[in-house]
Amino acid sequence: MKLHEFQAKEQFKRFGIPVPEGYLATSPEEALEAAKRLKGPPWVVKAQVHAGGRGKGGGVRVVDSQDQLTAATAEILEKPLITKQTGPEGKRVYQVLVEEGVDIEREFYLAMVIDRSGAMPVIIFSQAGGMDIEEVAAKSPELVMKRFVDPLTGWMPYQGRRLAYGLTPLPEAGVLKSLMSIMDGLYRAFVSLDCSLAEINPLVITKQGNCLAVDAKITIDDNALFRQGEMKALDDPREKDPFDAKAQEFNLNYIRLDGDIGAMVNGAGLAMATMDVIKLAGAEPANFLDVGGGASEEMITKGFEIILSDPKVKAILINIFGGILRCDVLAKGVLEAAKRTEIKVPLIVRLEGTNVEEGRKILQESGLRFLVAKDMAEAADLVTGQVSNL
Ligand code: GDP
Ligand code: MN
């Protein structure tokens, strides 16, 4: 679960990480009110959406007057913000963060994530802050420093000292102290809030010699939300893909993808394999959907409805190996969904396993038009053939 920048900054403050003063606004008038309570001009108006790269996409504006402030706010709120991370349709902006402007002297990158191979948290620090860190890592990996954190000892002061004193040119003592304290705060925030990511890009030194988190990003591990009630309450459902949100509501493991073949499968492994055969047959999956072993008829119906309501889907492949989920339950679920929504796209079914005969019979007698595949490879060929015939 992602937090908004303003929410992440509030959390960082609790752990002693300094951030610029700022207030949330949902209209140009509110932005003006916010600015009146802040030092400045200059002020900074920042779109609050769950996507990075806002700066380059026009979602972060430094303004020098009240007129510029209201104009920039209106522009940001008016149309979807398109950045490298939003996709071409962009993301609607419901609120902006108005902050006092900061005189930036130097920009750093500081983040903490879980390193899966090491099975421990790792701090990533770079002098090349403010920029696209993936690009820095690809072009000049020597500029990106990583330090593992032993979960038993936690982040150690010497680790912070080594990173800070490794900087060239070396900042003055006060700045170094502040950098080390921010690293320590980031670690404490990361662990206390069960983060999978905590990122400050850029972490800046101002011309006045202060250290500030100018940007803030926090992702909470979904598996820990049961014990992070306060964080869970910060969830903004408007940021979610509507398809993903609906699937979550019904406990379906669904991820929307870019292709046009809808797939309904039971078992994550079979779902992955199904995506592979779809790709192998030359098409692209529109989703990953694992309805799970113990899916009820209602879950099947909901899953099928979600796939049907996706306008990108040009053909649907149902690939079920009936185990705990019986093929007749699957068939009934599909029929239920078909009753409510007209199926306009070709349907290819590959059923095997428990109660397969009953399942096939239910589908055959339903009047639904579908093609039966005898195995996975044929299923993929059929579904791909359907799409290329369109
Ligand atoms: P992102 O593009 O979504 O990562 O948004 P950021 O919050 O990182 O803002 C983008 C860039 O705007 C930063 O890297 C800064 O260089 C710049 N920026 C943000 N706030 C200020 C500010 O107060 N003063 C100045 N001069 N630049 C700022
Ligand atoms: Mn940033």
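The values are calculated or read from the model by the stated rules, or taken from the named source; none is laboratory data. All of these numbers come straight from a predicted model, not from anything done at the bench. All Cβ positions, glycine included, derive from the backbone under ideal geometry; neighbour counts span all protein chains shown. Accessible surface is based on the protein model in full, side chains and every heavy atom, while ligands, DNA and RNA are left aside. Shrake-Rupley method; radii C 1.70, N 1.55, O 1.52, S 1.80 Å.
What is the residue count in region 294-318 for residues that are open to solvent by 20 Å² or more (accessible area, probe 1.4 Å) and under 20 Å from Leu363 (Cα atoms)?
Of the residues in region 294-318, 7 are open to solvent by 20 Å² or more (accessible area, probe 1.4 Å) and under 20 Å from Leu363 (Cα atoms).
Residue-wise test of (1) part of a helix (DSSP H, G or I); (2) small (Gly, Ala, Ser).
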site	(1), (2)
Thr301	yes, no
Ile306	yes, no
Pro311	no, no
Leu325	no, no
Val329	yes, no
Glu336	yes, no
Leu351	no, no
Gly359	yes, yes
Leu363	yes, no
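Listed here are the residues, each with its yes/no results for (1) within 13 Å of ligand 1 (Cβ to nearest atom); (2) more than 21 Å from Glu134 (Cα to Cα); (3) in the same structural domain as Lys2 (by TED's automatic domain parsing).
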position	(1), (2), (3)
Pro171	no, yes, yes
Lys177	no, yes, yes
Tyr187	no, yes, yes
Leu193	no, yes, yes
Leu197	no, no, yes
Val204	yes, no, yes
Yes/no for Gly58 being small (Gly, Ala, Ser), assigned by TED's automatic domain parsing to the domain that holds Arg92 and in contact (Cβ under 8 Å) with a residue 40 or more places away in the chain
no
If the Cβ limit is 6 Å and pairs must be 6+ apart or interchain, which residue in region 298-326 that is closer than 18 Å to Ala283 by Cβ pairs with which residue that is in a helix (DSSP H, G or I) and open to solvent by 40 Å² or more (accessible area, probe 1.4 Å)?
Ala315/Gln386
Is at least one residue of region 172-190 open to solvent by less than 30 Å² (accessible area, probe 1.4 Å), at pLDDT 95 or above and under 18 Å from the mean Cα position of the chain (by Cα)?
yes
Counting only residues in region 345-376 that are open to solvent by 60 Å² or more (accessible area, probe 1.4 Å) and touching a helix residue (DSSP H, G or I) at 6+ places or on another chain (Cβ under 7 Å), the one modelled with the highest pLDDT is identified as Glu358
Candidate set from region 48-84 (those that are away from ligand 2 (no atom under 16 Å from the Cβ) and among the charged types (D, E, K, R)); member that is farthest from Gln7 (Cα to Cα)
Asp67
With the checklist (1) out of contact with any Leu (no Cβ under 8 Å at 6 or more places or on another chain); (2) within 27 Å of Leu257 (Cα to Cα); (3) of a type outside the set (D, E, K, R) in hand, flag the one item Gly40 doesn't pass.
(2)
